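See structure below.
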Amino acid sequence: MFKKPKSSGVTAEIRVRRCYGCGAILQDQDPEEVGYIPPEKFATGEEALCQRCYKLRHYSTMKKTSSIDIDYATILADAKDNEALVVYVLNAFCLTSSLIPSIGKYLSDNVLVVVNKRDILPKNYSEDYIKAYVTKALEKEKIKPLDIILTSSAKEYNIDEIIKEIKAYRNDKSVYFIGAYQVGKSSLINCLLRKYINSTDKMITTSPYPGTTLDVISIPIDDNSYIYDTPGIYNEKSIISFVEPEQVKYIIPRSEIKPEVYQTKDGQSFLFSNLARIDMLSGEKCDITVYKSNDITIDRCKTLKADASFKELAMNKDVVPHTDKVQDIADLDHYDFKVEKEGFYRIRIVGLGFIEFKGIDQEFRIYAPKGVEIFMEETSIVL
Ligand SMILES: Nc1nc2c(ncn2[C@@H]2O[C@H](COP(=O)(O)OP(=O)(O)OP(=O)(O)O)[C@@H](O)[C@H]2O)c(=O)[nH]1
Ligand SMILES: [Mg+2]
């Protein structure tokens, strides 16, 4: 999970001039490399945004840049050595994929967990359930958080609470925001800065594309301590890592999800553009509730006709989200999941969304791009 170092983490490079939007070291030599600004701007020596951040903010375009390898182990070791408070940010919609495997051994007990993007889940989605789910997942990593707070940087929900707890727990030390990519670390920091420090107009760059923050960004809180924004940790098992960058905005929900409920029985299929498909193979008929971005339209058909319908969707570039990498259902992998005992279940296609249903004996076949993680788990709730 943690990549080998190329840049060194935090402290050693603090005096180098960096883009205040993404943390990349500024340079005026190579427009194709990260941190580029034109020579005339570079020469001024002023605080600057790199060209990539400028384009992200003004035109919302993301060109693939050669990535900077970040050594997370070094960053987390710095946090530990400095007795800093770590704010571990999760994404309420993609809880499992935002939990970073094996992170426990790198953290001290000084960890505040913040579950962001609360606004994306329906208002009646149980917060107690989310907290219990996160607590259990963290226990496996031997992490005992100081607290778990649900928040939304977009709606400024529970921001006061976060500020209060950061003040209470940081003991005048620095604060590191860590987490998977796209969970909203930078947005959350901007929100805190806007609301409470209000001493800068230089906001960190945020965008709907994964890998927006490129290196550690330090923001002074007082003479001896900083807020550190860190780049997101990549999850190669998410569908987001598979699709073309311009499709990401359709897949990551931006506003409250309207769950869709379908009654289904064996022989029925549900197509998620040319990215995924769910077939009900056998068992009692049931209702499935689908949680996904409102931009994704589900096409429902008989399984007998599903291959042909899928092909049609794959050929139609007007359908969004869409990937050119999948022409045919044979280009997707599939897994079968069978309910063995009665209960509530959730099947997740990581990055795309999940379905919840009351299971008795049903068997589903789930198709998704190669390498994308799919799994079924028992759950205590179904709305
Ligand atoms: N709906 C909603 N969107 C949010 C929220 N917080 C952030 N976002 C959006 O999520 C996307 C990613 O936000 P960032 O702040 O760039 O995420 P990050 O964790 O810093 O991402 P990396 O730098 O790539 O690791 C942006 O499009 C934000 O506008 C939130 O609370 N609710
Ligand atoms: Mg960021």
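Quick one: count up the residues across the stretch 347-383 that are under 15 Å from LEU95 (Cβ atoms) and part of a loop (DSSP other than H, G, I, E, B).
6
Name, by its number, the condition in (1) within 16 Å of ligand 1 (Cβ to nearest atom); (2) assigned to a loop (DSSP other than H, G, I, E, B); (3) closer than 25 Å to ARG346 by Cα that does not hold for TYR291.
All conditions are met except number (2).
Residue by residue, here is whether (1) near ligand 1 (Cβ under 7 Å from one of its atoms); (2) under 21 Å from ALA79 (Cβ atoms) holds:
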residue	(1), (2)
LYS173	no, yes
ILE178	no, yes
GLY184	yes, yes
PRO210	yes, no
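A quick yes/no check of all residues on (1) aliphatic (A, V, I, L, M); (2) more than 8 Å from ligand 1 (Cβ to nearest atom); (3) under 30 Å from LYS317 (Cα atoms):
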| site | (1), (2), (3) |
| --- | --- |
| ASN190 | no, no, no |
| LEU193 | yes, yes, no |
| LYS202 | no, yes, no |
| SER207 | no, no, yes |
| THR213 | no, no, no |
| ASP222 | no, yes, no |
| LYS237 | no, yes, yes |
| PHE242 | no, yes, yes |
| PRO245 | no, yes, yes |
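When you check LYS202 against the structure, is it among the basic types (Lys, Arg) and either buried (at least 21 other Cβ atoms within 10 Å of the Cβ) or not assigned by TED's automatic domain parsing to the domain that holds ILE298 (or both), yes or no?
yes
Go through the stretch 133-176 and give me each residue that's of a type in the set (Gly, Ala, Ser) and touching a residue at least 12 places away in the same chain (Cβ under 8 Å).
ALA137, SER152, SER153, ALA154, SER174
Residues GLY211, GLY179: which one is buried (at least 21 other Cβ atoms within 10 Å of the Cβ), at positive phi, within 16 Å of ligand 2 (Cβ to nearest atom) and not in a helix (DSSP H, G or I)?
GLY179
Of all residues in the stretch 154-176, count the ones that are in contact with an Asp or Glu (Cβ under 9 Å, 6 or more places away or on another chain) and within 16 Å of ligand 2 (Cβ to nearest atom).
Residues in the stretch 154-176 being in contact with an Asp or Glu (Cβ under 9 Å, 6 or more places away or on another chain) and within 16 Å of ligand 2 (Cβ to nearest atom): 2 in total.
Whether any residue in the stretch 301-321 is under 23 Å from the mean Cα position of the chain (by Cα), buried (at least 19 other Cβ atoms within 10 Å of the Cβ) and hydrophobic (A, V, I, L, M, F, W, C) is what I want to check.
So far as the stretch 301-321 goes, no, none of its residues is under 23 Å from the mean Cα position of the chain (by Cα), buried (at least 19 other Cβ atoms within 10 Å of the Cβ) and hydrophobic (A, V, I, L, M, F, W, C).
I'd like to verify a number: residues in the stretch 253-293 that are in contact (Cβ under 8 Å) with a residue 60 or more places away in the chain, touching a His at 6+ places or on another chain (Cβ under 9 Å) and over 19 Å from GLU363 (Cα atoms), how many?
1
Report whether or not ASN274 is more than 18 Å from ILE355 (Cα to Cα), of a type in the set (S, T, N, Q) and part of a loop (DSSP other than H, G, I, E, B).
Judged against the criteria, ASN274 is not a match.
In the stretch 351-383, which residue that is out of contact with any Asp or Glu (no Cβ under 9 Å at 6 or more places or on another chain) and charged (D, E, K, R) is surrounded by the most Cβ atoms within 10 Å (Cβ to Cβ)?
Once the filter is applied, the top-ranked residue is GLU356.
Go through (1) among the hydroxyl-bearing types (Ser, Thr, Tyr); (2) in contact with a helix residue (DSSP H, G or I) (Cβ under 7 Å, 6 or more places away or on another chain); (3) closer than 25 Å to ASP333 by Cα; (4) within 14 Å of ligand 2 (Cβ to nearest atom) for SER238 and report which single condition fails.
Single failed check for SER238: (4).
Within the stretch 324-355, can you find the residues that are charged (D, E, K, R) and closer than 22 Å to TYR250 by Cβ?
If the condition is that a residue be charged (D, E, K, R) and closer than 22 Å to TYR250 by Cβ, then ASP324, LYS325, ASP328, ASP331, ASP333, ARG348 are the ones that fit.
Return the residues of the stretch 214-238 that are buried (at least 20 other Cβ atoms within 10 Å of the Cβ) and touching a residue at least 60 places away in the same chain (Cβ under 8 Å); say none if nothing qualifies.
Once the filter is applied, which keeps residues that are buried (at least 20 other Cβ atoms within 10 Å of the Cβ) and touching a residue at least 60 places away in the same chain (Cβ under 8 Å), the stretch 214-238 yields LEU214, ASP215, VAL216, ILE217, TYR228, ASP229, THR230, PRO231, ASN235, SER238.
The values are calculated or read from the model by the stated rules, or taken from the named source; none is laboratory data. None of these values were measured; they are calculated from a predicted model. Methodologically, a virtual Cβ is constructed for each residue, glycine included, from the backbone with ideal geometry; neighbour enumeration extends over all protein chains shown.
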